[in-house]
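Step one of this worksheet: look at the structure below.
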Amino acid sequence: MAGNRILLKISGEMLCEKEGFGINPTHVQDFAQQIKEGLAQGNAELAMVCGGGNFLRGAQIAGDEIGRITGDNMGMLATIMNALALQSALERAGVETRVLSAIPVNDLAEPFIRRRALRHLEKKRVVLLAGGTGNPYFTTDTTAALRALQIRADVLAKGTKVDGIYSADPEKDPDAEFFEEVTFLDVLQKRLRIMDSTAVSLCMDNSLPINVFNMKEQGNIVKFLSGERLGTMVV
Ligand code: UDP
């Protein structure tokens, strides 16, 4: 692990069954338990951005009836639901947590204020960054890159279903080659689809390393948070 302030991006689908919908409380609980153990073993300061694809993606729902901007707004609201579920599970596990939202939902979450986020991190609270960037036409990958830079994270970690970056999709191609380290340019030029190109470019331009690792492998979140090197580094 590159440093001890981590921004962990997880997709909404990590909270539900494969290709499923909504939230599976067992996944969320297991996830919270692993975060608790990992934080206790290591010395990490953890902020998280969770996607909303388990409920809805703006580009997918957009059409004649629901416009793209409304779809994206709905997608951003979905990320707030996920953050609240994670907060609840983490607090039940005994981990102090704050949700900071880019969209004001004052009864449910604090507004995203950079210095406030930093203060929570210093106090070892897990900071859940919800509501995306607050703007349509962005993704939560880009949100994660932006917020990682704003909070001066040492690394942007992306928890996925595969072990890291391969030359091809390992679920489809058994000959896919695994890479321990790749450059940002490799990711962009070879179109290794770990994150959208806006997010990767933002990290490249600001020298923020990305660590892609398998979050579905039992125990990996604990290992990752306690400092073990996992997956692929993009540098
Ligand atoms: N979204 C947005 N602006 C943002 C972040 C997210 O409009 O800054 C919307 C967009 O519609 C996106 C949805 O929220 O499809 C859910 O986020 P994402 O698709 O990144 O979730 P994931 O695939 O990571 O679960």
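Step by step: first the residues of segment 199-219, then only those that are of a type outside the set (A, V, I, L, M) and under 15 Å from the mean Cα position of the chain (by Cα), then the one that is nearest to Leu230 (Cα to Cα). Which residue is that?
Residue satisfying both the conditions and the ranking: Phe213.
Taking the conditions exactly as written (more than 24 Å from Ala145 (Cβ to Cβ), within 11 Å of the ligand (Cβ to nearest atom), open to solvent by 20 Å² or more (accessible area, probe 1.4 Å) and not hydrophobic (A, V, I, L, M, F, W, C)), does Thr70 satisfy them or not?
Spelling it out, Thr70 is indeed more than 24 Å from Ala145 (Cβ to Cβ), within 11 Å of the ligand (Cβ to nearest atom), open to solvent by 20 Å² or more (accessible area, probe 1.4 Å) and not hydrophobic (A, V, I, L, M, F, W, C).
Identify, please: which residue in segment 1-17 is part of a loop (DSSP other than H, G, I, E, B) and within 16 Å of the ligand (Cβ to nearest atom) and is, among those, least open to solvent (accessible area, probe 1.4 Å)? If you could, list the steps in order and put the result at the bottom.
Quick first cut of segment 1-17, residues part of a loop (DSSP other than H, G, I, E, B) only: 1-4, 11, 16-17.
In the following step, the residues that additionally are within 16 Å of the ligand (Cβ to nearest atom) were identified as 11, 16-17.
Numbers: Ser11: 26, Cys16: 4, Glu17: 96 Å².
Across segment 1-17, the extreme among qualifying residues is Cys16.
Give the residues of segment 104-146 that are within 23 Å of Met233 (Cα to Cα) and near the ligand (Cβ under 10 Å from one of its atoms), sorted by residue number.
Of everything in segment 104-146, those that are within 23 Å of Met233 (Cα to Cα) and near the ligand (Cβ under 10 Å from one of its atoms) turn out to be Thr139, Thr140, Asp141, Thr142, Thr143, Ala144, Leu146.
Looking at (1) surrounded by 19 or more Cβ atoms within 10 Å (Cβ to Cβ); (2) more than 16 Å from the chain's Cα centre (by Cα); (3) acidic (Asp, Glu); (4) away from the ligand (no atom under 12 Å from the Cβ), which is the only condition Asp64 fails?
Failed condition: (1).
Considering every residue within segment 32-50, establish whether at least one is within 10 Å of the ligand (Cβ to nearest atom) and modelled with pLDDT of 95 or more.
yes
Picking from Ala83, Ala78, which residue would you name as being under 22 Å from Lys161 (Cα atoms), touching a residue at least 60 places away in the same chain (Cβ under 8 Å) and within 16 Å of the ligand (Cβ to nearest atom)?
Testing whether each residue is under 22 Å from Lys161 (Cα atoms), touching a residue at least 60 places away in the same chain (Cβ under 8 Å) and within 16 Å of the ligand (Cβ to nearest atom) leaves just Ala78.
Please verify whether Gly20 is within 13 Å of the ligand (Cβ to nearest atom), assigned to a loop (DSSP other than H, G, I, E, B), modelled with pLDDT under 95 and not acidic (Asp, Glu), treating the condition exactly as stated.
yes
Can you spot a residue in segment 28-42 that is closer than 30 Å to Ser226 by Cβ, out of contact with any Ser or Thr (no Cβ under 9 Å at 6 or more places or on another chain) and surrounded by fewer than 18 Cβ atoms within 10 Å (Cβ to Cβ)?
yes
Does Gly12 count as free of Cβ contacts under 8 Å to residues at least 40 places away in the same chain and either farther than 25 Å from Leu149 by Cα or under 17 Å from the mean Cα position of the chain (by Cα) (or both)? Let's see the steps before the verdict.
Numbers: free of Cβ contacts under 8 Å to residues at least 40 places away in the same chain: no; either farther than 25 Å from Leu149 by Cα or under 17 Å from the mean Cα position of the chain (by Cα) (or both): yes.
No, not satisfied.
For segment 86-111, name all the residues that are open to solvent by 70 Å² or more (accessible area, probe 1.4 Å) and in contact (Cβ under 8 Å) with a residue 40 or more places away in the chain.
The answer is Arg92, and nothing else.
Can you tell me which of Gly164, Gly219 is among the small types (Gly, Ala, Ser) and out of contact with any Phe, Trp or Tyr (no Cβ under 8 Å at 6 or more places or on another chain)?
Going through Gly164, Gly219 in turn, just one is among the small types (Gly, Ala, Ser) and out of contact with any Phe, Trp or Tyr (no Cβ under 8 Å at 6 or more places or on another chain): Gly219.
Among the residues of segment 118-133, how many are without any contact (Cβ under 8 Å) to a residue 12 or more places away in the chain and in contact with a helix residue (DSSP H, G or I) (Cβ under 7 Å, 6 or more places away or on another chain)?
Of the residues in that region, 0 qualify.
The values are calculated or read from the model by the stated rules, or taken from the named source; none is laboratory data. These figures come from a predicted structure and were not determined experimentally. Backbone-built Cβ (ideal geometry, glycine too); neighbour counts: all protein chains shown. These accessible areas exclude ligands, DNA and RNA; they are computed on the full protein's heavy atoms, side chains included. Shrake-Rupley method; radii C 1.70, N 1.55, O 1.52, S 1.80 Å.
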